[in-house]
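Throughout, read-outs are computed from the coordinates displayed, never taken from laboratory work. These numbers come from a predicted model, not from an experiment. We place every Cβ from the backbone using ideal geometry, glycine too, and count neighbours over all the protein chains shown.
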Amino acid sequence: MSRLDMKIGLVGEAPNDTSAIQNLLSRKYLDVDFVTLLDRIHGSMLDNKKAISRLLRIEYESHTPDVIIFIRDLDALETDREAKRKRKEVFSASNSIVDKKGIFLLNIYELEAIILADINSFNNYYGTEIPGYADPMKVVMPKEVLIEATTSLNNRFIVSHTPHLFSLLNFEIVKQNCRYFSMFIRRFEKAIGI
């Protein structure tokens, strides 16, 4: 199968999350199609294995993706083993429903850490001067960092801006500056045969 025939399913906590990841990955992987699965299931609803198993299987069989990216926020730092264990447990259960075609993108602390990995793109868009972060994974509540930095501006950061911001991010800079994203990309490229 050529990569032109690849279909990538996206499952996330919110439509903004799946759209954001699609926009960022589309900058690098021009020859794959993305489809959102479970777009009416949000946040912690994804933790209810019984509730999503039937719906996930139906959407998986309907869309027949080659790979499915499960996007979740840890809502904790990477040192929180219990939070990681719970997220991985839910991923494993979901992955078994889709014939183990899943790849886990666990955002540490949350999705907005990816924006901190290329903070210059954010600064250019909003006219802010947030300094760079050596390790965005160590920032507690990165979404709030972005909101606070734009509080006094007419164009304030809100979560619905995230998909557009991800379309502006430099893929290579994000990959270089965000360890969990870099590890995810290695697994993703292996799954799609690159």
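A few points about this structure:
- Considering helices alone, the calculated mean residue ellipticity of the chain at 222 nm is -14500 deg cm²/dmol, with DSSP H runs of length four and up weighted by -39500 (n - 2.57) and normalised per residue.
- Note on the chain: with a GNM built from Cα contacts shorter than 10 Å, the maximum mean-square fluctuation among 131, 163, 65 falls on 131.
- Sequence-distant residues sharing a close amide H with residue 9 (under 5 Å, placed H): 35, 66, 67, 68, 69
- Correct option for Rg and Dmax of the Cα atoms in Å [calculated from the coordinates] among (i) 38.7, 131; (ii) 17.8, 54; (iii) 16.4, 51: (iii)
- Using Cβ point charges alone (K and R +1, D and E -1), the dipole size of the chain about the Cα centre works out to roughly 640 debye.
- Dipole orientation for the stretch 80-193: of the candidates 165, 95, 134, 95 has the Cα lying most toward the positive pole (charges on Cβ; Lys, Arg +1; Asp, Glu -1).
- The stretch 3-191, relative contact order in percent, only Cα pairs under 8 angstrom and at least six apart counted: 24 percent
- FRET efficiency estimate (nearest 0.05) - Cβ-Cβ, residue 85 to residue 51, R0 22 angstrom: 0.60
- Packing rank of 68-76, 183-191, 153-161, where each peptide gets the mean count of other beta carbons within 10 Å, highest leading: 68-76, 183-191, 153-161
- For the stretch 60-158, size of Cβ-based charge dipole, Lys and Arg +1, Asp and Glu -1, in debye: 300 debye
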